[in-house]
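*Asks:* Input: one structure, supplied below.
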Protein chains: 2
Amino acid sequence: MASQGVTPRSEDYSRWYTDVVQKADLADYAPVRGCMIIKPYGYELWENIKGALDKRFKETGHKNAYFPLLIPMSFIQREAEHVEGFAPELAVVTIGGGKELEEPLVVRPTSETVIGHAFAQWIHSYRDLPLLINQWANVVRWELRTRLFLRTMEFLWQEGHTAHATAEEAQQETLQMLEVYADFAMNEAAIPAIMGRKSDQEKFAGAEASYAIEAMMGNTWALQSGTSHNLGQNFAKAFGIQFQDENNEQQYCWTTSWGVSTRMVGAVIMAHGDDQGLRLPPRLAPIQVVAVPIYKTDEQREVVMDTILRVCEPLLSVGIRVHIDDREEVTPGFKYNDWEMRGVPLRLEIGPKDIEKGSVALARRDIPGKEGKQFVPQDGLVGTVTRLLNDIQKNMLKQATEFRDAHLHEAKDYDKLKKVVEDGWALIWHCGTAECEDKIKEDTKASSRCFPLDKNPEWHPQGEKCAVCGKPAQGKAYFARAY
Amino acid sequence: MASQGVTPRSEDYSRWYTDVVQKADLADYAPVRGCMIIKPYGYELWENIKGALDKRFKETGHKNAYFPLLIPMSFIQREAEHVEGFAPELAVVTIGGGKELEEPLVVRPTSETVIGHAFAQWIHSYRDLPLLINQWANVVRWELRTRLFLRTMEFLWQEGHTAHATAEEAQQETLQMLEVYADFAMNEAAIPAIMGRKSDQEKFAGAEASYAIEAMMGNTWALQSGTSHNLGQNFAKAFGIQFQDENNEQQYCWTTSWGVSTRMVGAVIMAHGDDQGLRLPPRLAPIQVVAVPIYKTDEQREVVMDTILRVCEPLLSVGIRVHIDDREEVTPGFKYNDWEMRGVPLRLEIGPKDIEKGSVALARRDIPGKEGKQFVPQDGLVGTVTRLLNDIQKNMLKQATEFRDAHLHEAKDYDKLKKVVEDGWALIWHCGTAECEDKIKEDTKASSRCFPLDKNPEWHPQGEKCAVCGKPAQGKAYFARAY
């Protein structure tokens, strides 16, 4: 049995994170450097993330498909910025079936190229547009510094790829999917992520414009948690994705791509976790309610277990994810700590006294100690538990939003920026150049996160100057320490 | 628009198959030799297969997890038979991040080794057993002769991996999962697959015993559609998967593995398809009902479309998968052929006359022509359609079972076997040796499929001799041409 407890966040946030991932049984390192094994509890969390996203993709008209893992090296080389961006990160298959290959095959780092090739064959006329495809897949990027869920050599993700007849439609799609991600983050993951445009230096290799949702972690660092790219006609031209328009003329398509990965699991851990471990929003939690029996004698055990089964049955039958912890080799106290570590939103306890009174005890993970505990009647428990799970979901979003808002600050000048990014995100007028971003990074370790959409009603506003270099500002941008 | 119609099965079954896969828009070849692109319609079929299997795995206590794609070469080499079986089929990554790797990494052909390594770390005591894990993943095997869905270099599958305290439990699990596969095939895919044990020559590399479900295709060839392996203690010993038993003694675990792949899509195509194209069992069909409007004038169009929307709404609301084909550039006749090609179980037609009568026409894919068409009232359509879909599901299983049973024959001697396997499966007393199987294969192209469980109440029955070589028989085995 693993020892309980994690390194306090204040002592070493990075060790706290790794402790939580491992002790909550989410994932572990694999024998190959930089790869991870996603354990059943972590994978179920990912399945719930996947389900909630997939539903949204289908509701917005996208269909899933599957494209090959192995990509000819020549494909990767066809879009100039793309190859430059990905070349250093490639895993390359050079031997197949015992023989050296004539053309090496790349393990996909992302699928723009092979999907571009397919789209060129699928699309003929304007009637074939828009083409709205999504893929759930694994990808490999040769990372040197890895961290479980946040940056691993292999990760799981979805990558959406769409083709459109006009630039406007492609831009609409890019922003629609950004909003889908923000909606998912807010309403499922209880994370108030900020939607924004990435600066030129931070955009995807081959994109015209990249957008991201940026989430604030418990140490105030930022985590880019989903991206949406307007690829313009770059990939369409590289792969010959053309259509005949209504006037019988050949046109290049406008394409987009967008993705969310297992990184989102890291976002959930760091947006909500505390010194007791993980805290999971009820809508994503693999276990929403854990039931712990309390007894001393064998006779008590029998009565308590009978009652627990009877009380939990209606919860299970309406689809609430309940786990009954009937382990005999550990104490109730051990179980409490164990399930707090694993972030289960609600704990249900039943002992002999509760049976006498016809009640159960319910303890909320989001409100520690006595304040979060209440005794409620066994009658009507489905309603009570449903209400509480909704409350917890809302309260976790409220807590995360308050924390975020307390750490967002406008900075009028560079000195203020330097101070703010020690413990928060600084919003500055920003020229958008790589020079300025590199300087800020070197001085403060903070990077350009995004130009938030809601703070930039217009671009290149007249008279506004970059808070760092004094050149004309593109808009207001957040800078922060980031993963 | 693709031309309609496929090569008749009687003319060229193999071309018929490829025609159906491509014209029904299930999949296509990828730019890398031997790989495929699974198109949205084919992928949705796979999602339905996946969903029905995943539900069964979870109901039998298994949990999903995810293990790495890349496996150290040394792992593959650790189990002697395993490396011998897989060495010729490996895709090997030798370059990562621009550098030659010290130890090459294998793209997983299957995950026994890396999961064995993980199990050795996860399992300590008898309390950790049984460990019941499943993974949904892609795997790569360097195949030279490939065919869409049936044999591709990369394919999607699930691989179950379990560890147990006793040999008996491992054997029970192996057979339980075989039964889960047969149950899925029968009740979801409408395929009456036969459960049996593979001969020594045909078993999995590293297994003690392999079992399979074997399905009969429309040309009477066999397709191995799912396998379940009892691995004994082979992988436990190679990877040190040990547990402390109740007497505090260290023991090696007994492990199993079992898998179903995108090959199952090929099984569905060939078990049910006809010269009009695909026929999908309703429980797996991405579209269960296609609604085709019939009109001549624009006024008619409006009324007909309104009625279709009104009539389909209650079907959709109870979860029936309905697609309304409102394309204007093609005729109803074209649409009929198109959806027959794609195997949609039920077609709903509404024209001006149906509106007058308050009826709709329903045409079954499983019963061709007028016999399969009926006019029913719009009132109570949910009940009618639900009933019909159930009927179609049952009838497709009945048709497949009758076809199978008409092509299963006992063969008392080698001459009879030779004749039977020209157009069916021959059941013979079989010695189980590789020599005999190789001889049969050379003479007839038929291979040993399995020792069917229901025909072998006892093994090595006294006095029974192999129908081919005359040596003592292990039991009765099916021989057939196979994919």
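The values are calculated or read from the model by the stated rules, or taken from the named source; none is laboratory data. Since we're looking at a predicted model, the values are computed, not measured. Positions of Cβ are backbone-derived with ideal geometry, glycine not excepted, and every protein chain shown enters the neighbour counts. Surface areas here come from the heavy atoms of the whole protein model, side chains and all, with no ligands, DNA or RNA. Shrake-Rupley method; radii C 1.70, N 1.55, O 1.52, S 1.80 Å.
*Asks:* Just checking, does segment A:147-166 include any residue being surrounded by fewer than 17 Cβ atoms within 10 Å (Cβ to Cβ) and touching a strand residue (DSSP E or B) at 6+ places or on another chain (Cβ under 9 Å)?
*Replies:* yes
*Asks:* If I filter segment B:293-303 down to residues being over 17 Å from B:Val376 (Cβ atoms) and either out of contact with any strand residue (DSSP E or B) (no Cβ under 8 Å at 6 or more places or on another chain) or β-branched (Val, Ile, Thr) (or both), which single residue comes out as surrounded by the fewest Cβ atoms within 10 Å (Cβ to Cβ)?
*Replies:* For segment B:293-303, the residue satisfying everything is B:Asp298.
*Asks:* Follow-up. Please name all residue pairs, on different chains or six or more residues apart, with Cβ atoms under 8 Å, provided the first residue is in segment A:422-444 and is more than 23 Å from A:Asp454 (Cβ to Cβ) and the second residue is open to solvent by less than 10 Å² (accessible area, probe 1.4 Å) and at pLDDT below 95.
*Replies:* Within 8 Å, no pair qualifies.
*Asks:* Also, quick follow-up: Just to be sure I understand, how many residues within segment A:105-116 are within 9 Å of another protein chain (Cβ to nearest Cβ) and touching a helix residue (DSSP H, G or I) at 6+ places or on another chain (Cβ under 8 Å)?
*Replies:* Total satisfying the criteria: 2.
*Asks:* Quick one: how many residues across segment B:247-274 are open to solvent by less than 60 Å² (accessible area, probe 1.4 Å) and not in a strand (DSSP E or B)?
*Replies:* Narrowing segment B:247-274 to residues open to solvent by less than 60 Å² (accessible area, probe 1.4 Å): B:253, B:255-274.
Restricting the remaining residues to those that are not in a strand (DSSP E or B) gives B:253, B:262-273.
Final tally of qualifying residues: 13.
*Asks:* Okay, next question. Answer yes or no as to whether A:Gln176 is surrounded by fewer than 19 Cβ atoms within 10 Å (Cβ to Cβ) and touching a strand residue (DSSP E or B) at 6+ places or on another chain (Cβ under 8 Å).
*Replies:* Numbers: surrounded by fewer than 19 Cβ atoms within 10 Å (Cβ to Cβ): yes; touching a strand residue (DSSP E or B) at 6+ places or on another chain (Cβ under 8 Å): no.
No: the conditions fail for A:Gln176.
*Asks:* Further, regarding this structure: Looking at (1) in contact with an Asp or Glu (Cβ under 9 Å, 6 or more places away or on another chain); (2) assigned to a loop (DSSP other than H, G, I, E, B); (3) within 24 Å of A:Gly226 (Cα to Cα), which one does A:Asp423 not meet, given that it meets all the others?
*Replies:* So the condition that A:Asp423 fails would be (1).
*Asks:* Something else about it: Of all residues in segment B:117-138, how many are assigned to a helix (DSSP H, G or I) and facing chain A (nearest Cβ under 9 Å)?
*Replies:* Qualifying residue count for the region: 5.
*Asks:* Being closer than 26 Å to A:Ala190 by Cα and either open to solvent by 70 Å² or more (accessible area, probe 1.4 Å) or among the aliphatic types (A, V, I, L, M) (or both) is the filter here, so list the residues in segment A:324-359 that pass it.
*Replies:* A:Ile324, A:Asn337, A:Met341, A:Val344, A:Leu346, A:Leu348
*Asks:* Name the single residue that is nearest to A:Glu410 (Cα to Cα) among those in segment A:469-481 being open to solvent by 30 Å² or more (accessible area, probe 1.4 Å) and either among the aliphatic types (A, V, I, L, M) or touching a residue at least 12 places away in the same chain (Cβ under 8 Å) (or both). I'd like the intermediate steps shown before the answer.
*Replies:* Quick first cut of segment A:469-481, residues open to solvent by 30 Å² or more (accessible area, probe 1.4 Å) only: A:469-472, A:474, A:476, A:481.
Checking which are either among the aliphatic types (A, V, I, L, M) or touching a residue at least 12 places away in the same chain (Cβ under 8 Å) (or both) leaves us with A:469, A:471-472, A:474, A:476, A:481.
Details: A:Cys469: 17, A:Lys471: 18, A:Pro472: 18, A:Gln474: 16, A:Lys476: 9, A:Arg481: 16 Å.
Step by step, filter segment A:469-481, then rank; the result is A:Lys476.
*Asks:* Also, quick follow-up: Please find, among A:Leu178, A:Leu144, A:Leu131, the residue that is of a type outside the set (Gly, Ala, Ser) and modelled with pLDDT under 95. First the steps, then the outcome.
*Replies:* Working: A:Leu178 fails: modelled with pLDDT under 95; A:Leu131 fails: modelled with pLDDT under 95.
Going through A:Leu178, A:Leu144, A:Leu131 in turn, the sole match is A:Leu144.
*Asks:* Here's a follow-up. Here is a check on your reading of the model: is A:Thr174 in a loop (DSSP other than H, G, I, E, B) and under 20 Å from the mean Cα position of the chain (by Cα)? First the steps, then the outcome.
*Replies:* On the way: in a loop (DSSP other than H, G, I, E, B): no; under 20 Å from the mean Cα position of the chain (by Cα): yes.
Criteria not met by A:Thr174.
Residues checked against (1) at pLDDT 95 or above; (2) more than 12 Å from every other protein chain (Cβ to nearest Cβ); (3) open to solvent by 40 Å² or more (accessible area, probe 1.4 Å); (4) under 28 Å from B:Met186 (Cβ atoms):
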site	(1), (2), (3), (4)
B:Leu53	yes, yes, no, yes
B:Thr60	yes, yes, yes, yes
B:Asn64	yes, no, no, yes
B:Phe67	yes, no, no, no
B:Ile71	yes, no, no, no
B:Ala80	no, yes, yes, no
B:Ala91	yes, no, no, no
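*Asks:* Moving on. Look through A:Asn395, A:Asn390 and report the one residue that is over 23 Å from A:Asn219 (Cβ atoms) and in a helix (DSSP H, G or I). Spell out how you get there, then give the answer.
*Replies:* Values: A:Asn395 fails: over 23 Å from A:Asn219 (Cβ atoms).
On inspection, the qualifying residue turns out to be A:Asn390.
*Asks:* So which residues in segment A:300-333 are among the acidic types (Asp, Glu) and at pLDDT 95 or above, if there are any at all? Spell out how you get there, then give the answer.
*Replies:* To start, the set of residues in segment A:300-333 that are among the acidic types (Asp, Glu) comprises A:302, A:306, A:313, A:325-326, A:328-329.
Selection gives A:Glu302, A:Asp306, A:Glu313, A:Asp325, A:Asp326.
*Asks:* In segment A:21-48, what residues are more than 10 Å from every other protein chain (Cβ to nearest Cβ) and buried (at least 21 other Cβ atoms within 10 Å of the Cβ)?
*Replies:* Listed by number, the residues that qualify are A:Val21, A:Ala24, A:Leu26, A:Leu45.
*Asks:* From the list A:Glu168, A:Glu208, A:Glu159, which one is among the acidic types (Asp, Glu) and within 26 Å of A:Ala27 (Cβ to Cβ)?
*Replies:* Details: A:Glu168 fails: within 26 Å of A:Ala27 (Cβ to Cβ); A:Glu208 fails: within 26 Å of A:Ala27 (Cβ to Cβ).
Matching residue, one of A:Glu168, A:Glu208, A:Glu159: A:Glu159.
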